[in-house]
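S.K.: Have a look at the structure that comes next, please.
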Amino acid sequence: LNQQFRTQLLNQMINEKIILDEAGKANAVPSDAEINKKITDLEASVGGTQVLDSLLAQQGQTRLTLKDQIKVQLAISKLYDKEATVSADEVTKYIAENQATMQATDSAKQLKEAEDILKQQKISQIFSQKFQELRQKADIKIF
């Protein structure tokens, strides 16, 4: 177990370092204000500060680990946001196929929700492709 978790944690730390280094090169490191806003938005979506703290505790996480995760997520979004373009046709098709599962009820909010979801999907795809290249190019030394 120790070896398994050590390897898993080490890989996670290496991956985060690669991402944040790349974000630094591209001037895409999220600010504390951006990270705090994302946490505030998350609190609002789950029902408040206490609910979020309870959910984090159930998962064995802290606000610090959440902040680190959000920093990496925002860095990825900032790095690949311009490459992840979404067309009006894609949004319309997504709404038609997923209207029953969408949270928004009015059309303007559905457009925004669909665009956000599609953009995140595209950012994830682009990141998956590019991260493998970054990891292979990285000079990783483990002592």
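S.K.: When you go through Lys67, Lys82 one by one, which is the residue that is charged (D, E, K, R), under 30 Å from Lys17 (Cβ atoms) and modelled with pLDDT under 95?
M.R.: Result of the check over Lys67, Lys82: Lys82.
S.K.: Only one of Leu118, Leu74, Leu79, Leu111 is under 18 Å from the mean Cα position of the chain (by Cα) and over 21 Å from Lys37 (Cα atoms). Can you tell me which? Outline the logic, then answer.
M.R.: Working: Leu74 fails: over 21 Å from Lys37 (Cα atoms); Leu79 fails: over 21 Å from Lys37 (Cα atoms); Leu111 fails: under 18 Å from the mean Cα position of the chain (by Cα).
After applying the criteria, what remains is Leu118.
S.K.: Moving on to the next point. Under 6 Å by Cβ, and 6 or more places apart or on different chains, what pairs join a residue from the stretch 73-84 that is closer than 13 Å to Gly24 by Cα with one that is of a type in the set (D, E, K, R)?
M.R.: Filtered contacts from the stretch 73-84: Leu74/Glu34.
S.K.: A further question on this structure: Quick one: in the stretch 98-107, of everything that is assigned to a helix (DSSP H, G or I) and among the small types (Gly, Ala, Ser), which residue is nearest to Glu83 (Cα to Cα)?
M.R.: The extreme case among them is Ser107.
S.K.: Examine the stretch 84-92 for a residue that is within 22 Å of Lys38 (Cβ to Cβ), open to solvent by 80 Å² or more (accessible area, probe 1.4 Å) and touching a helix residue (DSSP H, G or I) at 6+ places or on another chain (Cβ under 9 Å), and state whether such a residue exists.
M.R.: The answer is no, given that none of the residues of the stretch 84-92 is within 22 Å of Lys38 (Cβ to Cβ), open to solvent by 80 Å² or more (accessible area, probe 1.4 Å) and touching a helix residue (DSSP H, G or I) at 6+ places or on another chain (Cβ under 9 Å).
S.K.: Evaluate the following for Ile95: is it more than 21 Å from the chain's Cα centre (by Cα), outside any loop (DSSP other than H, G, I, E, B) and surrounded by 13 or more Cβ atoms within 10 Å (Cβ to Cβ)? Explain how you work it out, then say what you get.
M.R.: Numbers: more than 21 Å from the chain's Cα centre (by Cα): yes; outside any loop (DSSP other than H, G, I, E, B): yes; surrounded by 13 or more Cβ atoms within 10 Å (Cβ to Cβ): yes.
Judged against the criteria, Ile95 is a match.
S.K.: For the stretch 61-75, how many residues meet the condition of being open to solvent by 70 Å² or more (accessible area, probe 1.4 Å) and more than 21 Å from Phe131 (Cβ to Cβ)?
M.R.: Residues flagged as open to solvent by 70 Å² or more (accessible area, probe 1.4 Å) and more than 21 Å from Phe131 (Cβ to Cβ) within the stretch 61-75 amount to 3.
S.K.: Further question on the same structure: Give the stretch 16-47 a look and list any residue that's assigned to a loop (DSSP other than H, G, I, E, B) and either surrounded by fewer than 14 Cβ atoms within 10 Å (Cβ to Cβ) or over 14 Å from the mean Cα position of the chain (by Cα) (or both), or say none.
M.R.: Correct list: Ala26, Asn27, Ser31, Gly47.
S.K.: With the condition kept exactly as written, say whether any residue in the stretch 36-55 is among the aliphatic types (A, V, I, L, M) and closer than 26 Å to Leu10 by Cβ.
M.R.: Narrowing the stretch 36-55 to residues among the aliphatic types (A, V, I, L, M): 39, 42, 44, 46, 51-52, 55.
Next, only the ones that are closer than 26 Å to Leu10 by Cβ stay: none.
Checked the stretch 36-55: no residue is among the aliphatic types (A, V, I, L, M) and closer than 26 Å to Leu10 by Cβ.
S.K.: On to the next question. So how many residues does the stretch 93-131 have that are without any contact (Cβ under 8 Å) to a residue 12 or more places away in the chain and touching a helix residue (DSSP H, G or I) at 6+ places or on another chain (Cβ under 6 Å)?
M.R.: Here the count works out to 1.
S.K.: Which of the following residues is farther than 22 Å from Leu20 by Cα, open to solvent by 70 Å² or more (accessible area, probe 1.4 Å) and part of a helix (DSSP H, G or I): Gln110, Gln50, Gln132, Gln120? I'd like the intermediate steps shown before the answer.
M.R.: Details: Gln110 fails: open to solvent by 70 Å² or more (accessible area, probe 1.4 Å); Gln132 fails: farther than 22 Å from Leu20 by Cα; Gln120 fails: farther than 22 Å from Leu20 by Cα.
Criteria check complete, one pass: Gln50.
S.K.: Given the conditions (1) at pLDDT below 95; (2) closer than 28 Å to Leu9 by Cα; (3) not polar (S, T, N, Q), and given that Leu74 satisfies all but one, which numbered condition is not satisfied?
M.R.: Only one criterion is unmet by Leu74, namely (1).
The values are calculated or read from the model by the stated rules, or taken from the named source; none is laboratory data. Predicted model only: the values in this text are computed from it and were never measured. Glycine also receives a Cβ, built like all others from the backbone with ideal geometry; neighbour counts cover every protein chain displayed. Keep in mind that these areas ignore ligands, DNA and RNA; they rest on the heavy atoms of the full protein, side chains included. Shrake-Rupley method; radii C 1.70, N 1.55, O 1.52, S 1.80 Å.
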